[in-house]
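Student: Structure incoming, see below.
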Amino acid sequence: MIKIIVVSYTLFLLSTPAISTTISLMEWDLIGHDWAVNILRKHIQQQNVRHAYLFSGPPGTGRRSLALVFARAVNCQQPPSPGESCGTCRACRLISSGQHPDVSILEVGSDSQEIKIEQVRELQKNLNLSPYEARYRIALLLDFQRANPNAQNALLKTLEEAPPRVILLMTADAPENLLPTITSRCEILRLRPLAVAEMVAPLQVKMNIEAEAALELAHLSGGRFGLADHYHNQPEEQEQLHTWLQELFELLSQDLGPRMVYAEKISEKRRKGESRESTRKILETWLLLWRDVLILNSGSQMPLTFIPFKAWSNQVANTLTFQQIAAQIHNLEDALEQLDANINVRLLLENVLLTWPQVNLSLHP
Ligand SMILES: [Zn+2]
């Protein structure tokens with residue numbers, strides 16, 4: 001058995017040249033989305049850049065990263081070849097750090113739920129000026145599905161009569177969530193998550209991390225490079241997920257007493273000003289874990305989210321029935337809906353934890 005493991009590990013090491021082949025195919029220093037890069041590069045090479053592009057897809061798929069690399073490629077001062085960016089000139093550096101005077105970013109303000117018409121009007125004033133130093137003035141409109149209809153309508157004017165040397169780059173979860181009058185005037189690039197298995201080797205090289213860490217990130221992000229990059233750069237968030245999952249397994253092996261204490265502890269933290277969002281994130285993390293348990297119980301080939309917890313998830317999956325596991329998923333989905341309806345958080349957590357069966361784990365969390 002051990003020999004087999006050693007042999008496969010050696011084979012893995014021997015196969016590293018294959019990784020660099022994969023990486024050389026990585027376009028514009030991104031992982032995946034080669035087809036979209038090819039389209040964008042061609043537009044630059046043929047001097048046929050559109051006035052507006054929409055990068056759509058689930059959050060974390062790399063919509064913003066692709067838009068920014070495109071912004072670099074159109075404005076690079078010393079492109080190594082047509083349609084490429086050097087990454088080191090003044091324009092490339094300023095765009096990467098979000099400080100280029102000709103690149104404006106428009107997104108939901110921290111004190112708001114939506115993009116407002118005033119923000120769009122302010123942006124339009126900027127766009128009517130010639131670029132200070134770049135070839136193109138670029139507006140990056142993030143999550144534009146969050147613009148209210150007035151704000152979307154206001155942008156139409158710019159889309160219909162775009163000033164010369166202006167490019168609008170929009171991101172959204174789905175084109176269908178924008179006004180059709182907007183999407184019909186954009187070149188739409190629909191980005192999808194990558195296959196988890198295909199993402200591991202490129203992640204390992206790009207982020208300079210061990211194979212195990214890359215595997216964990218690929219699963220955790222569900223094939224979404226932007227999300228993998230986020231967790232890689234915010235290790236404390238990944239750490240927090242681990243804590244919530246350890247707590248879940250501890251609570252599962254405990255009876256009602258400690259569970260009620262936990263519900264009280266979390267709801268008190270909230271009263272002390274910890275945001276409502278943290279309770280939501282705990283519930284969402286637990287929901288993903290129960291989904292892993294269901295996948296293991298059903299023998300499905302779908303990728304798990306939390307690889308480091310696979311052994312424990314497996315034990316739970318082998319102890320409970322499919323119906324019991326599915327019931328926990330429904331309960332958590334209900335709880336998340338109730339959280340939106342402003343229900344008392346302690347009561348909500350108690351209700352969730354009351355329904356959990358007690359599972360004796362032989363590995364201690
Ligand atoms: Zn450059």
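The values are calculated or read from the model by the stated rules, or taken from the named source; none is laboratory data. Keep in mind that this is a model prediction, so the values were computed, not measured. As a convention, Cβ positions derive from the backbone with ideal geometry for all residues, glycine included, and neighbour counts pool all protein chains shown.
Student: Right, residue 141: at pLDDT below 95 and either farther than 24 Å from residue 66 by Cβ or under 29 Å from the mean Cα position of the chain (by Cα) (or both) or not?
Tutor: Criteria not met by residue 141.
Student: Please determine, by comparing only the residues of the range 67-96 that are near the ligand (Cβ under 8 Å from one of its atoms) and closer than 18 Å to residue 47 by Cα, which one is nearest to the chain's Cα centre (by Cα).
Tutor: Looking at residues that are near the ligand (Cβ under 8 Å from one of its atoms) and closer than 18 Å to residue 47 by Cα, I get 72.
Student: Now, a different point. So residue 61 passes all but one of these: (1) without any contact (Cβ under 8 Å) to a residue 40 or more places away in the chain; (2) crowded, with 17+ Cβ neighbours inside 10 Å. Which condition number does it fail?
Tutor: Result: residue 61 fails condition (1) only.
Student: Among the aromatic types (Phe, Trp, Tyr), crowded, with 18+ Cβ neighbours inside 10 Å and assigned to a loop (DSSP other than H, G, I, E, B) - does that describe any residue in the range 348-359?
Tutor: yes
Student: Being more than 16 Å from the ligand (Cβ to nearest atom), farther than 21 Å from residue 163 by Cα and free of Cβ contacts under 8 Å to residues at least 60 places away in the same chain narrows it down to one residue among 110, 130; which is it?
Tutor: Of the residues listed, the single one that is more than 16 Å from the ligand (Cβ to nearest atom), farther than 21 Å from residue 163 by Cα and free of Cβ contacts under 8 Å to residues at least 60 places away in the same chain is 110.
Student: For the range 183-301, which fully contained helices (runs of 4 or more DSSP H) count at least 2 residues that are free of Cβ contacts under 8 Å to residues at least 40 places away in the same chain and under 30 Å from residue 42 (Cα atoms)?
Tutor: 196-207
Student: Here's something else I'd like to know. Quickly run through the range 311-336 and pick out the residues that are assigned to a helix (DSSP H, G or I) and farther than 26 Å from residue 239 by Cα.
Tutor: Matches in the range 311-336: 318, 319, 322, 323, 324, 326, 327, 330, 334.
Student: Please go through the range 100-116 and pick out each residue that is surrounded by fewer than 17 Cβ atoms within 10 Å (Cβ to Cβ) and within 16 Å of residue 70 (Cα to Cα).
Tutor: 104, 105
Student: Taking only the range 69-91 into account, find how many residues are surrounded by 20 or more Cβ atoms within 10 Å (Cβ to Cβ), part of a helix (DSSP H, G or I) and not hydrophobic (A, V, I, L, M, F, W, C).
Tutor: 2
Student: Take residue 135 and decide whether it is assigned by TED's automatic domain parsing to the domain that holds residue 154, near the ligand (Cβ under 10 Å from one of its atoms) and either within 24 Å of the chain's Cα centre (by Cα) or modelled with pLDDT under 95 (or both).
Tutor: In short, no.
Student: Can residue 220 be described as aliphatic (A, V, I, L, M) and buried (at least 19 other Cβ atoms within 10 Å of the Cβ)?
Tutor: The answer is yes for residue 220.
Student: A further question on this structure: Residue check: is residue 99 more than 23 Å from residue 151 (Cβ to Cβ), at pLDDT 90 or above, in the same structural domain as residue 146 (by TED's automatic domain parsing) and in contact with a Lys or Arg (Cβ under 7 Å, 6 or more places away or on another chain)?
Tutor: Taking the combined requirement at face value, the residue does not satisfy it.
Student: Which of (1) of a type outside the set (D, E, K, R); (2) under 15 Å from residue 187 (Cα atoms); (3) at pLDDT 95 or above; (4) surrounded by fewer than 19 Cβ atoms within 10 Å (Cβ to Cβ) does residue 35 not meet, given it meets every other one?
Tutor: Unmet condition: (3).
Student: Scan the range 303-310 and give yes if some residue there is in contact with a Gly (Cβ under 8 Å, 6 or more places away or on another chain) and not in a helix (DSSP H, G or I), otherwise no.
Tutor: The answer is yes, given that some residue of the range 303-310 is in contact with a Gly (Cβ under 8 Å, 6 or more places away or on another chain) and not in a helix (DSSP H, G or I).
Student: Please work out which one of (1) more than 16 Å from the ligand (Cβ to nearest atom); (2) over 19 Å from the mean Cα position of the chain (by Cα); (3) not polar (S, T, N, Q) is the condition residue 57 fails and give its number.
Tutor: The single condition residue 57 does not satisfy is (2).
Student: Using the structure shown, decide if residue 163 is modelled with pLDDT under 95, not hydrophobic (A, V, I, L, M, F, W, C) and not in a loop (DSSP other than H, G, I, E, B).
Tutor: no
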